[in-house]
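The structure appears below as structure tokens.
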Amino acid sequence: MTPKRGLLLAITSLALGLTVFAALAVWREASAPKFEATDITGVDWETDFKLTDHTGQLRTLADFRGKAVAVFFGYTSCPDVCPIALARLSEAVKLLGEDASRVQVLFITVDPKRDTQEVLSQYVPAFHPSFLGLRSDLETAQRTAKAFKVYFNAHPANEHGHYMVDHSGSIFVFDPRGRLRLLMRGELPPGSMAHDFRLLLERAS
């Protein structure tokens with residue numbers, strides 16, 4: 001083989017390799033799920049929890065394995081962000097039809113002083129019968145929120161004992177294998193939420 005021909009073969013092989021690499025990259029991009037929410041797959045957060053639900057049952061994330069799980073931190077006296085997010089999640093679950101049973105929404109209170117088990121049992125299922133409210137003591141709530149990178153802070157109470165709680169408004173979505181996958185905005189349209197839930201469920205099938 002002449003040096004010229006060897007060089008030609010090397011160039012041809014390199015070009016073929018680059019073409020295959022580019023084709024694989026395009027295929028991977030085309031096959032990757034197109035979420036409406038922010039894809040945070042692979043973040044290394046310790047996001048498990050041990051909290052009591054509004055029926056009095058101790059819960060961990062593992063209890064919901066096999067379902068897509070949406071976790072939202074809030075409080076029942078919230079005037080805007082919380083009811084809006086829960087209402088949109090409710091509409092999203094309804095849009096899933098038969099797959100609705102494969103999605104679990106968890107509302108973790110950042111105001112355990114006022115959000116007793118009884119209060120949560122009346123508030124959370126009012127948005128959807130399958131939704132669960134979770135609570136703990138304040139120290140555990142702070143530790144759980146920190147694990148999720150969630151901020152909350154209660155303002156001083158007024159003369160009537162009423163106070164507001166500042167808190168993050170993101171929804172954390174886990175796939176059926178228990179992996180944290182998405183960060184949803186509470187104001188995301190229900191159709192977009194349902195779209196992302198479907199993608200997670202399809203990938204688990």
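The numbers here are math on the coordinates, done by the rules we state, and not lab data. The shown structure was predicted, so the numbers you read here are calculated from the model rather than taken from an experiment. Methodologically, a virtual Cβ is constructed for each residue, glycine included, from the backbone with ideal geometry; neighbour enumeration extends over all protein chains shown.
Summary table below
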quantity: Cβ crowding within 10 Å averaged over residues, with 159-165, 99-105 ranked highest first; calculated: 99-105, 159-165
quantity: Rounded to whole Hz, the Karplus (6.51, -1.76, 1.60) HN-Hα couplings of region 78-83, x for glycine and proline; calculated: 4, x, 9, 4, 5, x
quantity: Set of lysines near LYS34 by C-alpha distance (under 25 Å), chain-local residues within fewer than 8 positions excluded; calculated: LYS67, LYS94, LYS149
quantity: Nonlocal amide H pairs with GLY178, under 5 Å, H built at 1.01 Å; calculated: GLY66
quantity: For region 62-184, alpha-carbon Rg over 2.2 N^0.38 Å; calculated: 1.05
quantity: Residue-by-residue Karplus 3J(HN,Hα) for region 151-165, coefficients 6.51, -1.76, 1.60, Hz, glycine and proline x; calculated: 9, 8, 7, 7, 7, x, 6, 7, 5, 9, x, 8, 8, 9, 10
